[in-house]
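Remarks on the structure that follows.
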Amino acid sequence: LDVSQANLNSLRGIEVLSNLTALSASQNNLCEVTPIKYLTEIQFLKLDVNNIMDLSPLSNLFRLRFLDIKCNSVDSLSSLQKLRQLTHLNAYRNSLTSLRGLEGSANTLTYLDVGRNSLRAVSELAQLRRLQSLMLYSNELVEFPPLNTHPHLHSLFLAGNHLAGDVQLPCLPALRLL
């Protein structure tokens with residue numbers, strides 16, 4: 001179901017579509033997404049370019065694999081803790097200061113874009129060993145992220161941070177793009 005650019009202020013009524021597996025509600029005026037919590041079959045969800053702050057309605061969407069929340073006002077990913085099938089997360093340009101909450105996706109997450117946030121430390125990355133693409137550009141990082149055990153990582157973007165001193169790259173055998 002695609003309701004992108006429909007000038008929506010609410011998703012009220014969508015809860016009756018309980019078997020929905022894909023929803024694109026991009027570029028609307030959504031501030032909250034409470035009705036989505038009833039879409040327990042959802043696997044693909046685009047909520048980008050809205051005014052969303054709270055992801056708690058997504059906390060029990062256990063089948064969710066793809067989530068795009070770029071260009072919102074999200075300041076925490078903690079509601080995503082139980083999403084163990086998540087493979088793709090785009091949280092570009094939000095208000096994140098931490099990656100807490102992604103630990104639940106440690107065995108599945110392969111794509112993570114958290115560029116243009118307010119991240120200073122990203123110790124949670126050490127657990128995300130399946131990552132293949134990682135975008136950390138334009139944050140406030142001062143230390144190189146903990147990526148010593150990421151054999152699948154082939155794309156890493158760090159531009160626009162404040163990495164200090166001599167940066168020593170860890171052994172990343174699959175890395176093709178830095």
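The values are calculated or read from the model by the stated rules, or taken from the named source; none is laboratory data. Everything numeric here is computed off the predicted structure, so don't read it as measured data. Ideal geometry is used to build each Cβ from the backbone, glycine not excepted, and the neighbour counts take in all protein chains shown. Accessible surface areas use protein heavy atoms only, side chains included; no ligands, DNA or RNA. Shrake-Rupley method; radii C 1.70, N 1.55, O 1.52, S 1.80 Å.
Details
- Residue among L61, L141, L136, L147 that alone is among the hydrophobic types (A, V, I, L, M, F, W, C), open to solvent by less than 10 Å² (accessible area, probe 1.4 Å) and under 13 Å from the mean Cα position of the chain (by Cα): L136
- Every residue from the stretch 68-101 that is open to solvent by less than 10 Å² (accessible area, probe 1.4 Å) and farther than 22 Å from F157 by Cβ: L83
- Among the residues making up the stretch 81-113, a single one is of a type in the set (K, R), under 12 Å from the mean Cα position of the chain (by Cα) and farther than 20 Å from D48 by Cβ: R100.
- Residue check for R116: touching a Phe, Trp or Tyr at 6+ places or on another chain (Cβ under 9 Å), open to solvent by 40 Å² or more (accessible area, probe 1.4 Å), closer than 18 Å to I52 by Cβ and part of a loop (DSSP other than H, G, I, E, B): yes
- Looking only at residues in the stretch 18-41 that are more than 19 Å from S59 (Cβ to Cβ) and of a type outside the set (G, A, S), the one that is least open to solvent (accessible area, probe 1.4 Å) is N28.
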